[in-house]
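To start, the structure under review is shown below, and the notes come after it.
Derivation of every value follows stated rules applied to the coordinates shown; laboratory data play no part. The structure displayed is predicted, hence computed values, not measured ones. For neighbour counting, all protein chains shown are included, and Cβ atoms are generated from backbone atoms with ideal geometry for every residue, glycine included.
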Amino acid sequence: MRIVAILLFIIAFITSCFNSTNTQDYSEEFLEYFSSGNVIIRHDSVIIPLDSEQVVIHIPTCLELHKEYHFVDTTKTDSILLKRTNYTDLEFVLYTHDSVVTGKASLFPHFYIGVETIYYSENVLPIYYYKVTNSSNESIKTIGVGNGIDISNHDDTLIYVLIKKKDDDSNLLWELKSTT
């Protein structure tokens, strides 16, 4: 009897470890968005159970965790450093001709509903938007990050960034320069 009780305790403990979500791995807004219902957030996936099956939605991870990416705009005058700090958050440093802007951005929780695409150099590329949540300058609204295959160089993977400013509806496209 005692052995059965111990086994049940161990099974319950292991199950709770695998079903729990580490809140440091996601933004507060992301966790709040998925808190109602029986959605499971596990690592880079959002799992939505249906009647007889599950839908698995992958959180975009084209930027490796804790790796710095240096992007330059297409005019080569400004640059941005991005670092993914968890599954949903980025830190950034934007260098322009007249300022340096630092901040954080979080993946929009409804990222899976519809992915915007851009046309660039004969490629149609998906992009996921991160809302700027904390910044030393309030001029940046969103940072879009995406990746895709460069059809002109069949083997190259493109990683790119779009910056949307609050006072301007235009997008600035940034190309990957280097990683560290």
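Of LYS67/LYS141; LYS131/LYS164; LYS67/LYS164, which pairs sit farther than 21 Å apart, going by alpha carbon to alpha carbon?
Violating the 21 Å Cα-Cα cut-off are LYS67/LYS141; LYS67/LYS164.
Using R₀ = 30 Å, calculate the FRET efficiency as 1/(1 + (r/R₀)^6) where r is the Cβ-Cβ separation of GLU122 and VAL55; round to 0.05.
Efficiency, rounded to the nearest 0.05: 0.40.
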